[in-house]
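Participant: Right, I'll just put the structure down here and ask away after.
The values are calculated or read from the model by the stated rules, or taken from the named source; none is laboratory data. If you're wondering where the values come from, they're calculated on a predicted model, not measured in any experiment. Reconstructed Cβ throughout: ideal geometry from the backbone, glycine too, with neighbour counts over all protein chains shown. For the accessible areas, the whole protein counts, side chains as well, though only heavy atoms, and no ligand, DNA or RNA atoms are used. Shrake-Rupley method; radii C 1.70, N 1.55, O 1.52, S 1.80 Å.
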Amino acid sequence: MNGKLITGMSKNREVRIYVAETTDMVENARQLHQLSPIATAALGRTITVAAMMGMMSKIDKEKLTLQIKGSNAIKLMVAIADTHGNVKAYTTDPQAVNLFNEAGKLDVGTAIGKDGQLIVIRDLGMKEPFIGQTNLVTGEIAEDIAAYFAQSEQQPSAIGLGVSLSKDAVVKKAGGFIVQILPETTDETITQLESNLTGMPPLTQFFEEGLDVIQVAGQIFAGLGLDELETYDLKYQCDCNREKMETALISLGKSELLSIIDEDGEAELVCHFCNSKYHFTEEQLLALVKEMNTPLA
Ligand SMILES: [Zn+2]
């Protein structure tokens, strides 16, 4: 269930790179949510980019939520990542119908649609969270995230994301990269980078050929060199627990909770991210109502 992430700088310190390999995480999500091939490709790209974005923060408790609201077959995808490489995700349309482009590849852009939004929430665990929102550009996710970084965070970036599937729809390889252009980047460096990226095969092909994240970063930074390399583990992991579910029930409010007790006599909550079920008996629900009646000391 683990993935790998590396971060590094070019030798001239002008561009920063993130490369992630997320094959097992995306396959885990596919099995967990019983995703169709197109949903696997779309959610896989979302998981991969969220993992990299989550690791960009230096604030230990920060959580990054990435929401992609589509206008076609895939209406919503949500991924939450922390600064320790843990990612969880779900989509409202796990069984989205497969669409193919002219080249016969899964057409993620059309499945999501262009008339959607991308929302990024950075929650620092205190105060108000930072919320950035941009319109989707292509629905292909990589371009949409690049547009978000440029518009919302004034950070020019080049982004690539990919998920390849076997004939029986199992995830073969998944991964992605983000290259950040820093303010002092020279035209020479940008030209070199552009030429590297233009001539590059799909990222998943590198992984299929047996290259690891450092070697892939080396290909993207060919002629620029790699420095300040750091390696991190990534994991598809949900952090839900009974206490969080109780908080969710309490947040419904007393009258809503009483009507659940009245109508159903019990409650079952299912976590969107990992499908864990939490059952609450009438007695347990009444205890929560009682807790709400107790004024805070
Ligand atoms: Zn969960």
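Participant: So is residue 286 open to solvent by less than 40 Å² (accessible area, probe 1.4 Å) and either more than 16 Å from the ligand (Cβ to nearest atom) or within 30 Å of residue 171 (Cα to Cα) (or both) or not?
Facilitator: Against the criterion (open to solvent by less than 40 Å² (accessible area, probe 1.4 Å) and either more than 16 Å from the ligand (Cβ to nearest atom) or within 30 Å of residue 171 (Cα to Cα) (or both)), residue 286 does not qualify.
Participant: Kindly indicate the residue of the stretch 232-254 that is small (Gly, Ala, Ser) and away from the ligand (no atom under 16 Å from the Cβ) and also most open to solvent (accessible area, probe 1.4 Å) among those meeting that condition.
Facilitator: 251
Participant: Something else: Could you please let me know if residue 168 is part of a loop (DSSP other than H, G, I, E, B) and not basic (Lys, Arg)?
Facilitator: yes
Participant: Could you tell me whether residue 173 is open to solvent by 60 Å² or more (accessible area, probe 1.4 Å), in a strand (DSSP E or B) and of a type outside the set (Ser, Thr, Tyr)?
Facilitator: For residue 173, the condition - open to solvent by 60 Å² or more (accessible area, probe 1.4 Å), in a strand (DSSP E or B) and of a type outside the set (Ser, Thr, Tyr) - is not met.
Participant: Based on what the data block shows, is residue 229 open to solvent by less than 50 Å² (accessible area, probe 1.4 Å) and on the phi < 0 side of the Ramachandran plot?
Facilitator: no
Rundown of residues vs (1) more than 19 Å from the chain's Cα centre (by Cα); (2) free of Cβ contacts under 8 Å to residues at least 12 places away in the same chain, yes/no style:
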| residue | (1), (2) |
| --- | --- |
| 101 | yes, yes |
| 104 | yes, yes |
| 119 | no, no |
| 129 | no, yes |
| 148 | no, no |
| 157 | no, no |
| 173 | no, no |
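Participant: So, restricting to strands (runs of 3 or more DSSP E) that lie completely within the stretch 1-107, which ones have at least 2 residues that are open to solvent by 40 Å² or more (accessible area, probe 1.4 Å)?
Facilitator: By residue number, 2-10, 15-21, 63-69.
Participant: Continuing with this model, one more query. Of the residues that sit in the stretch 263-283 and are open to solvent by 30 Å² or more (accessible area, probe 1.4 Å) and more than 16 Å from the ligand (Cβ to nearest atom), which one is nearest to residue 241 (Cα to Cα)?
Facilitator: 281
Participant: Being modelled with pLDDT under 95, under 22 Å from residue 66 (Cα atoms) and assigned to a loop (DSSP other than H, G, I, E, B) narrows it down to one residue among 140, 128; which is it?
Facilitator: 128
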